[in-house]
Amino acid sequence: MADIIKLLPDHVANQIAAGEVVQRPASVVKELLENAIDAGATTIKLIVKDGGKSLVQVVDNGVGMSTTDARLSFERHATSKIQSAEDLFNLNTKGFRGEALASIAAIAHIELQTKTEDEEVGTAIHIEGSKINSQEVVVTPKGTSLAVKHLFFNIPARRNFLKSDSVELRHITDEFHRVALAHPSVALHYYNNGSELFNLPQSNFRQRIVNIFGKKANEKLVPVTEETQVVKVSGFICKPEFAKKSRGEQYFFVNNRFVKSHYLHHAVLAAFEGLIKQGMHPGYFLNLEVDPGSIDINIHPTKTEIKFDDEQTLYAILRSTIKHSLGQFNVAPTLDFEHNNNLETPYSYKNKSAVLPKVVVDSTFNPFKEEAKPKRSGNNSIPNYKKQNTPSWESLYVEGAPLERESTNFGNLSFESEVSTESIFEGESKDLDTAAITFQLKRKYIVTTIKSGMVVINQGRAHQRVLYERFLRSVTLNEALSQQLLFPIQLSFSASEIDILKEIKNNLITMGFVFGEISTDTVEINGVPPLVAEAEVLSIFDELLADCQQNIGADGFSQADVLSKALCKSLAVKTGDILDNLSQAALVNDLFACTESTVSPFNKPIYVTITENDIDKKFI
Ligand code: ADP
Ligand code: MG
């Protein structure tokens, strides 16, 4: 047989290598920013267009390249950063594989302009898919500008695989955050489609965090410092009460390089144990300095995974350092996350003096005497369990009804009858007094009777479904109700959160939110949907943004869906909330008026039915 093995031409090898290094525009951003940092730049500009699909450009004031270097930099394994394998264990630079530029040049159009300090003029090079189209002399300041245009122009499959511009932009912003946090002493500017997203001056680490995540970040931060022979730890953790539902702000930097490490992440979680609720995520910004010889960052082309020589020691140090910080800054003992809102004194009761409870005894009551109906004496003999501190909830179901009902009138209770109705419910009528046939079990379920037996409804999921359909409807029909706030609320957000807000603003308006001015780091809210209590606005927006960051796609429909889901999740009653009879009945009615009443918006069953037959079987 003839020889069949051939060496791949360079441009093909580069394209293959590009598959590993460049997944999306954000990967290009990472490589270019890191090259600029390695070149000793003190000011770096990042310019992107259309989520980086048409343009990613990085302009730096670093050392620049000579004409020969400029040309060589696009060759595979061309690097100025290491010379021998030993150098791999003494790395002080971000790059070292010499692959990035060669890979990017294989799958995009490149325009490079660069000049070193001591040259009079610089070099401009144009490349398309590994092919150098032109090389010229150019007048340009010291440093390098590298523009990457039409990414994946020659690999349509990869290009089609890219997400919407806004999703790609978010990935880019994530990379930008990582580099910016790892290098607070470098000034960074970031523009998207001509508008400035970030302008980060040279600063210290704390200021950098605040400049990126907004002023409100400052009060959350607790400093962490420790110096041992193995590792120097510095940075900040966020106070436990600011833990989030999404894994938002969690950053490890090892020798100024952003890394992902499940193991170290676990060490942080262990330190927070008992201080935050299950399912919540603490924020952290931690720098670890270790001997470059004790780590291996060469295990992945994008260099975000890392192997430590002595992980166990690192784990122990990290955990105890963070525990120490939490204790030292008095964060741990003041916490009471199990605090239950339901036990709080309603505001209107705060200044009232306590009154002796009146006990009304039915002196005629004789348990051995048969009675036709259960008899209750006097008013207020049944404690009123209506949730006092959530008027928003009441307003949903008790519109127009007096806040305090005089008594729960068991006399009106209609018991099982043979009368047949069209509904599955017994004795259903528009009159909410049918409330009496429901009751709440374990502050979690609403139990009600139906013709064939009974239904046990999960109150939280039922309410989620009701609200979800309501919000979707108001988005689709554009007929949202809104309650005007007496005083507009100012909320501060990070620039990227503001970005997302702008993106979802129109849909939020159709849900009943009314916006005032939106600046680069604050948003004015003038009105909210009827169910939203003023005090909850901030937390609702926090959750909303966290959910959107993860889930929102490009098209309007899925955006409305994500928003409706996020809102119904934060606004729905929860397990533990006490509902009075009226609200229980209203919830049941509303649930069964829904288009889909069996599963929650998150695809969980809402209720189970238990038939008389099922019950009979238990008695055999
Ligand atoms: P690596 O960073 O792994 O060395 P790259 O392909 O990213 O590989 O870059 C190749 C070489 O090009 C670098 O080693 C560096 O010498 C040079 N280079 C790339 N970007 C810049 C820049 N912005 N300023 C100066 N030199 C650069
Ligand atoms: Mg590089």
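The values are calculated or read from the model by the stated rules, or taken from the named source; none is laboratory data. This is a predicted model, so every value here is computed, not measured. Glycine gets a Cβ as well: all are built from the backbone with ideal geometry, and neighbour counts include every protein chain shown. Ligands, DNA and RNA are excluded from the accessible area calculation, which covers all protein heavy atoms including side chains. Shrake-Rupley method; radii C 1.70, N 1.55, O 1.52, S 1.80 Å.
Ignoring ligands, DNA and RNA, what percent of the 1.4 Å accessible area of the range 145-230 is carbon and sulfur? It is 49 percent, rounded to a whole number.
3J(HN,Hα) along the range 204-209: 8, 5, 4, 4, 4, 4 Hz, from the Karplus curve 6.51 cos²θ - 1.76 cosθ + 1.60 with θ = phi - 60°, whole Hz, x for Gly and Pro. On full extension, the segment bounded by H150 and Q312 gains 53.8 nm, given 0.36 nm per residue less the C-alpha separation. Note on surface exposure: L587, L472 rank L472, L587 by accessible area, highest first, 1.4 Å probe. Over the range 527-620, the Kirkwood radius and the radius of gyration, each from Cα atoms, give a ratio Rg/Rh of 1.09. Ligands, DNA and RNA aside, D69 has an accessible area near 80 Å² when probed at 1.4 Å. Around the Cα centre of the range 220-267, unit charges on the Cβ atoms of Lys, Arg, Asp and Glu (plus for the first two, minus for the last two) sum to a dipole of about 280 debye. Each residue of the range 265-280 was assigned a 3J(HN,Hα) from its phi angle through the Karplus curve 6.51 cos²θ - 1.76 cosθ + 1.60 (θ = phi - 60°); the sequence is 4, 5, 4, 5, 4, 4, 5, 8, 3, x, 9, 10, 5, 3, x, 9 Hz, with glycine and proline shown as x.
Other residues with beta-carbon under 12 Å from the beta-carbon of D69 carry, at +1 per Lys or Arg and -1 per Asp or Glu, a net charge of 0.
The charge dipole of the range 93-221, taken about the Cα centre with unit charges on the Cβ atoms of Lys, Arg (+1) and Asp, Glu (-1), comes to about 740 debye, rounded to the nearest 20.
Heavy-atom accessible surface of E612, to the nearest 10 Å², is about 110 Å², with a 1.4 Å probe and all protein chains retained. State which entries of K81/K239; K30/K163; K49/K142; K81/K115; K277/K565; K307/K569 exceed 29 angstrom in Cα-Cα distance in the structure shown. From the list (K81/K239; K30/K163; K49/K142; K81/K115; K277/K565; K307/K569), the Cα-Cα distance tops 29 Å for K81/K239; K307/K569.
Placing unit charges on the Cβ atoms of the charged side chains and taking the dipole of the range 1-73 about its Cα centre, the candidate lying farthest along the positive direction among L46, L72, A2 is L46.
Annotation for E75 and N256: the two label points, set 7 Å from Cα along the Cα-Cβ direction, are 2.8 nm apart. Here the label points at L477 and A593, each 7 Å from Cα along the C-beta direction, are separated by 1.1 nm in the simple model.
With a 1.4 Å probe rolled over the protein heavy atoms of all chains, the accessible area of R208, R24, R247 falls in the order R247, R24, R208, largest first. Using the Karplus relation 6.51 cos²θ - 1.76 cosθ + 1.60 with θ = phi - 60°, the per-residue 3J(HN,Hα) values for the range 210-215 come to 5, 5, 7, 9, x, 4 Hz, with x marking Gly and Pro. Computed with a 1.4 Å probe on the full set of protein chains, the accessible area for H126 sits at about 70 Å².
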